[in-house]
Amino acid sequence: MSFLISIKDCLRPKQDGRERGQTAMYSLLVAITIFALFMLPVGEAFSNAQAFYSKLETQNRLSDIAGAITNAYTANTKLVESQTGAVLVLPLGTMSPVAPQVLSGGTRMCLSNSATLAPLATYTNLSTSIVYKDGYGKPMCFLISSQLSTTTSGQTIYYHNIAIISAGRDGSIAPSTALTASGALVTGGDDQGRLIDGSSINSGQMTITLARMNALVSALQSYFYGRYQSNSNRDPSLDYFTNASDTVGIIPDTGGVPILATNANLLAALGLSGQALQDGWGNVFTFDNSSSLVRNPSNLNGVAYTNAPFTSQICTTLPGGQSLCLSALGSY
């Protein structure tokens, strides 16, 4: 029996070392191919998840920066609107536009850096090393309009629009992405953007300003009428807006010029508190009861302006430099 086994062994083809190595290599290649095919959907899923995360992070970054710019703009509107050009002037410096630059190959890149948003340092908690980058780690563009204007409640207000733009996953700003001359943001491709609308900010502040001014004028008129009624003589020749005429009144004479409302004892006289003497931008109103701009017994514009009905005036300076004044009319 052992003899037969020996014969079979002699007849069986033998593999040398090279053949055995080739067989092992083929087996390894097959294993690698199978593993690669298995990993394809896993890799695609990972890539999609990473893209989704980057897009979401970009949206968060845009929201954070938009909030910082909005807060900085709102807190410093009159400083911002002191310039008509395409810049954003803030206490810590001037923020200038960073538009897309066309690089070799036609890629339109944003070349902002950590200094771009330095004027926003007190309005954002983001690190200077990332604040200007999107969720893909690429610098973003920052576009600023020249000063624009609109009308709210019959008043002209001036404003700037600011756009923040990410190039998206492809890393290139689309040619159609732009901040138009009218201040609108248009995006193309997979670009993401956020617009800070200065007109909305200033329109809201204007609404607050007018509401406070009207409330202040109404309170002044009520004060005047109340002072007249409390005077036993009920003398219509007295100007109850100023203690230069109504000597027992508590509103001081402004000395022929407008003064800060906080220096005119108006809160105590009118029973007001809080922000009643400030406009929507946080600036104190001026009060005038004795200049040539109001009717008062010492007016130098002539006899017609020294007679009743007497007036006083509340004023403020709007963003852009124009004055807004409302007059209180004394009634008996």
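The values are calculated or read from the model by the stated rules, or taken from the named source; none is laboratory data. All figures in this text were calculated on a predicted structure; none of them were measured in a lab. As a convention, Cβ positions derive from the backbone with ideal geometry for all residues, glycine included, and neighbour counts pool all protein chains shown. Heads up: the accessible areas ignore ligands, DNA and RNA and are worked out on the full protein's heavy atoms, side chains in. Shrake-Rupley method; radii C 1.70, N 1.55, O 1.52, S 1.80 Å.
Each pair of Cα atoms in segment 137-289 enters the Kirkwood radius, and Stokes-Einstein at 10 °C and 1.306 mPa s then converts it into a translational diffusion coefficient of 82 µm²/s. Based on C-alpha pairs under 8 angstrom that are at least 6 apart in sequence, the chain has a relative contact order of 13 percent. In order along segment 147-159, phi translates into HN-Hα couplings of 4, 10, 9, 8, 10, 10, 6, x, 10, 7, 10, 10, 7 Hz, rounded to whole numbers, per the Karplus curve 6.51 cos²θ - 1.76 cosθ + 1.60 with θ = phi - 60° and x for Gly and Pro.
Remark: the chain carries a charge dipole of roughly 1040 debye about the Cα centre, counting +1 on each Lys and Arg Cβ and -1 on each Asp and Glu Cβ.
Remark on Cys110: its backbone amide H falls under 5 Å from those of Gln101, a criterion applied only to residues 5 or more positions apart or on other chains, H modelled at 1.01 Å from N.
Helical content alone sets the calculated 222 nm signal of the chain at -11500 deg cm²/dmol, taking -39,500 (n - 2.57) per DSSP H segment of four or more residues and averaging over every residue.
Suppose all protein chains stay in the model; what accessible area per residue would a 1.4 Å probe give for the chain, in Å²?
52
Each residue of segment 108-118 is assigned a 3J(HN,Hα), and the resulting list reads 9, 10, 9, 10, 6, 8, 4, 7, 4, 9, 4 Hz, derived from the Karplus form 6.51 cos²θ - 1.76 cosθ + 1.60 (θ = phi - 60°), x at Gly and Pro. Rounded to the nearest Hz, the phi-derived 3J(HN,Hα) couplings of segment 202-213 under the Karplus curve 6.51 cos²θ - 1.76 cosθ + 1.60 (θ = phi - 60°) are 6, 5, x, 5, 5, 4, 4, 4, 5, 4, 5, 5, where x marks glycine and proline. Note: the chain, Cα convex hull, 214 Å³ per residue.
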